[in-house]
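Trainee: This is the structure I want to talk about, given as structure tokens.
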Amino acid sequence: MLDWLTPAWVEALELRLLGQLLLAALLGGLIGIERELAGKPAGLRTNILICVGATLLMDISITVSGLATAGPADPGRIAAQVVSGIGFIGAGTILVARGSVVGLTTAATLWVVAAIGLAVGSHAYVEAVGTAVLVVLTLLILGRLDDFLFARRTESRIELVLEPSDSIVEDVLGILKKHKVKARPGKFEKQSTCYEISLELHSPAARRLAALNELATAEGVRKVTVHS
């Protein structure tokens, strides 16, 4: 009954699939390292798991379609479900808070990593490697290019509405210091239900953006208004 499962066929399948999974882990890890160093929530492990999972599902889809006896089967059906599933994961990385949208690049990266995994699973190795290299270059080089292009725009003023807490101002300044953003204090008003402060920020645009993204979701920060 299982004569077609010869030892040579099993060995060949395991070696081929193992190689695909290792390549997927390598490419996903390459992108994940950059995300990890950038301090993003979807880092090394997440990108590796998504790329490896997409590769395995694509391989299973192709194998199942080849073994179908009732008629032609579409190997792209499982792949289509992978794309939809990654959409849900990506949506979970996007935060919309107090007028700020955070996580779009992370969501897009996860989507591309899944596509790389599908390419590996469908034996499109050159395309998978080339895409991974392009993704890493985009994340690395364009991030630096942003600082270069907008280096002259080093100042901006922000207004914050904070919870009335004794430590909240120190927390805000700690976030700015973490991202190496210099802050010059302006208005500071204590209301009965909140604190209102304004700050002059001095730093490259990318640093200010990272600090503002974290401030927008920080506990105790009700509202962030940016004046260019």
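Trainee: Going through segment 138-158 one residue at a time, which ones are outside any helix (DSSP H, G or I) and either under 30 Å from L30 (Cβ atoms) or at pLDDT 80 or above (or both)?
Mentor: F150, A151, R157, I158, listed by residue number.
Trainee: May I pose another question? Among the residues of segment 201-228, which ones are more than 13 Å from V172 (Cα to Cα) and assigned to a strand (DSSP E or B)?
Mentor: Listed by number, the residues that qualify are H202, T225, V226, H227.
Trainee: From the list G85, G92, exactly one residue is more than 9 Å from the chain's Cα centre (by Cα) and modelled with pLDDT of 80 or more. Which is it? I'd like the intermediate steps shown before the answer.
Mentor: Working: G92 fails: modelled with pLDDT of 80 or more.
Answer to the check: G85.
Trainee: I would also like to ask the following. Identify, from the list V133, V126, V102, the residue that is more than 16 Å from I48 (Cβ to Cβ) and modelled with pLDDT under 85. Walk me through how you get there before you give the answer.
Mentor: Values: V133 fails: modelled with pLDDT under 85; V126 fails: modelled with pLDDT under 85.
Exactly one of V133, V126, V102 is more than 16 Å from I48 (Cβ to Cβ) and modelled with pLDDT under 85, namely V102.
Trainee: Separate question: Just one of the numbered conditions (1) at pLDDT 70 or above; (2) more than 28 Å from the chain's Cα centre (by Cα) is not true of A79; which one?
Mentor: Here A79 meets the rest and fails (2).
Trainee: What are the pairs, 6+ residues apart or on separate chains, where a residue within segment 16-31 that is within 14 Å of M58 (Cα to Cα) has its Cβ under 9 Å from a residue that is crowded, with 20+ Cβ neighbours inside 10 Å and of a type in the set (D, E)?
Mentor: R16/D59; L17/D59; Q20/D59; L21/D59
Trainee: Can you confirm whether A54 is closer than 23 Å to L30 by Cβ and at pLDDT below 90? Please lay out each step first, then the result.
Mentor: Details: closer than 23 Å to L30 by Cβ: yes; at pLDDT below 90: no.
For A54, the condition - closer than 23 Å to L30 by Cβ and at pLDDT below 90 - is not met.
Trainee: With respect to S65, determine if the residue is at pLDDT below 80, hydroxyl-bearing (S, T, Y), farther than 30 Å from I158 by Cβ and in contact with a Pro (Cβ under 7 Å, 6 or more places away or on another chain). Break it down into steps so the answer makes sense when it comes.
Mentor: On the way: at pLDDT below 80: yes; hydroxyl-bearing (S, T, Y): yes; farther than 30 Å from I158 by Cβ: yes; in contact with a Pro (Cβ under 7 Å, 6 or more places away or on another chain): yes.
When the stated conditions are applied, S65 passes them.
Trainee: Given the residues V181, V161, V172, which is the only one that is out of contact with any helix residue (DSSP H, G or I) (no Cβ under 9 Å at 6 or more places or on another chain), aliphatic (A, V, I, L, M), outside the structural domain of I31 (by TED's automatic domain parsing) and at pLDDT 85 or above? Break it down into steps so the answer makes sense when it comes.
Mentor: Values: V181 fails: out of contact with any helix residue (DSSP H, G or I) (no Cβ under 9 Å at 6 or more places or on another chain); V172 fails: out of contact with any helix residue (DSSP H, G or I) (no Cβ under 9 Å at 6 or more places or on another chain).
Residue meeting the stated conditions: V161.
The values are calculated or read from the model by the stated rules, or taken from the named source; none is laboratory data. It should be emphasised that the depicted structure is a prediction, and the values quoted were computed from it without experimental measurement. Neighbour counts run over all protein chains shown; Cβ positions are idealised from the backbone, glycine included.
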